[in-house]
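A.B. asks: Quick one: this structure, given as structure tokens, is what I'll be asking you about.
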Amino acid sequence: MEKSAKRELTFKILYSLQIKKEINNEEIELFLEDNNLREKDKKEIEEDVANINKNMEEIQNKIALNLKDNWTIDRISKIDNALLTLAIYEIMYKKIPFKVAINEGVELAKKYGGDSSSSFVNGVLANIVKELNLE
């Protein structure tokens, strides 16, 4: 399975977490089985979700600190939050090149988000890249 497809499935699980607040490993496994994945791909997605959960507080703080002054994290759509969470995780913890993570996040925002999601996701991620001195 190509990386973009795995990323999209990971995003869908993160979005489910945004909605349900909690999702157990059994639900994740059922979701992944429905997508007919190879064992290697399934394990990678499960590991990513577990690592994101482990680092969720830091990731959410990164998002909150890089919003415009009049915005709070509660105002962000659940889709945009899930996309930002995934991209920040990839940049900070998986060491995916930031241009790849931003581009993939923006493409998923165009597919799943609202009219302004792609520019919003791009802007927040660009601020985080600057903050991390990755440019």
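A.B. asks: Specify which residue in the list Ser16, Val129, Phe31 is farthest towards the positive end of the charge dipole of the chain, using unit charges on the beta carbon of Lys, Arg (+1) and Asp, Glu (-1), about the Cα centre.
C.D. replies: Val129
A.B. asks: Please compute the per residue accessible area over the chain with all protein chains in place, 1.4 Å probe, rounded to a whole number of Å².
C.D. replies: 59
A.B. asks: Then there is this: From Cα coordinates alone, what are the radius of gyration and Dmax values for the range 1-78 in angstrom?
C.D. replies: Just the Cα atoms of the range 1-78 yield Rg and Dmax of 14.1, 44 Å.
A.B. asks: Largest first, how would Met92, Met1 line up by accessible area (1.4 Å probe)?
C.D. replies: From most accessible down to least: Met1, Met92.
A.B. asks: What full-extension length gain, to one decimal in nm, is calculated for Ala126 and Ser4 as 0.36 nm per residue of separation minus the Cα-Cα distance?
C.D. replies: 41.9 nm
A.B. asks: Over 18 Å between Cα atoms: which of Lys20/Lys42; Lys78/Lys99; Lys78/Lys111; Lys3/Lys43; Lys6/Lys62; Lys62/Lys94 fall into that group?
C.D. replies: Details: Lys20/Lys42 21 Å; Lys78/Lys99 23 Å; Lys78/Lys111 14 Å; Lys3/Lys43 13 Å; Lys6/Lys62 24 Å; Lys62/Lys94 16 Å.
Flagged as over cut-off: Lys20/Lys42; Lys78/Lys99; Lys6/Lys62.
A.B. asks: Let me ask something else about it. Determine one quarter of the surface area of the Cα convex hull of the range 79-135, which equals its mean projected area, and express it in nm² to one decimal.
C.D. replies: Over all viewing directions, the range 79-135 projects a mean Cα-hull area of 3.2 nm².
A.B. asks: Can you pull the percent of the range 11-68's accessible area that's carbon plus sulfur, 1.4 Å probe, other chains left in place? Could you put the intermediate results ahead of the total?
C.D. replies: Values: 1680 of 3830 Å².
So the carbon and sulfur contribution to the accessible surface is 44 percent.
A.B. asks: Return the distance in nm (one decimal) between the two label points of a simple spin-label model at Glu29 and Asn133, each offset 7 Å from Cα along Cα→Cβ.
C.D. replies: It works out to 4.5 nm between the two label points.
A.B. asks: Restricting things to Cα coordinates, could you compute the convex hull volume per residue of the range 43-109 in Å³?
C.D. replies: Working: hull volume 6.1 nm³, N = 67.
Considering the Cα atoms of the range 43-109, their hull volume per residue is 91 Å³.
A.B. asks: Just for the Cα atoms in the chain, what are the lengths along the principal axes, largest first, rounded to whole Å?
C.D. replies: Extents along the principal axes, in whole Å: 42, 29, 28.
A.B. asks: Something else about it: Hand me the trypsin sites (Lys or Arg not before Pro) from the range 1-94 located in a DSSP loop with no more than 16 other Cβ atoms within 10 Å, in residue order please.
C.D. replies: Loop-located and lightly packed - Lys21, Arg38, Lys68, Lys94.
A.B. asks: Between the helical axis of 78-92 and the dominant principal axis of the chain, each derived from Cα atoms, what acute angle in degrees is found, rounded to the nearest 10?
C.D. replies: 90
A.B. asks: Over the range 76-134, what is the relative contact order in percent, taking alpha-carbon pairs closer than 8 angstrom and at least six residues apart? Before the final figure, lay out the partial values.
C.D. replies: On the way: 48 pairs, mean separation 21.2, N = 59.
Value for the range 76-134: 36 percent.
The values are calculated or read from the model by the stated rules, or taken from the named source; none is laboratory data. Quick caveat, the model's predicted, so the values are computed rather than measured. We place every Cβ from the backbone using ideal geometry, glycine too, and count neighbours over all the protein chains shown. Areas reflect the complete protein model, heavy atoms only, side chains present, ligands, DNA and RNA absent. Shrake-Rupley method; radii C 1.70, N 1.55, O 1.52, S 1.80 Å.
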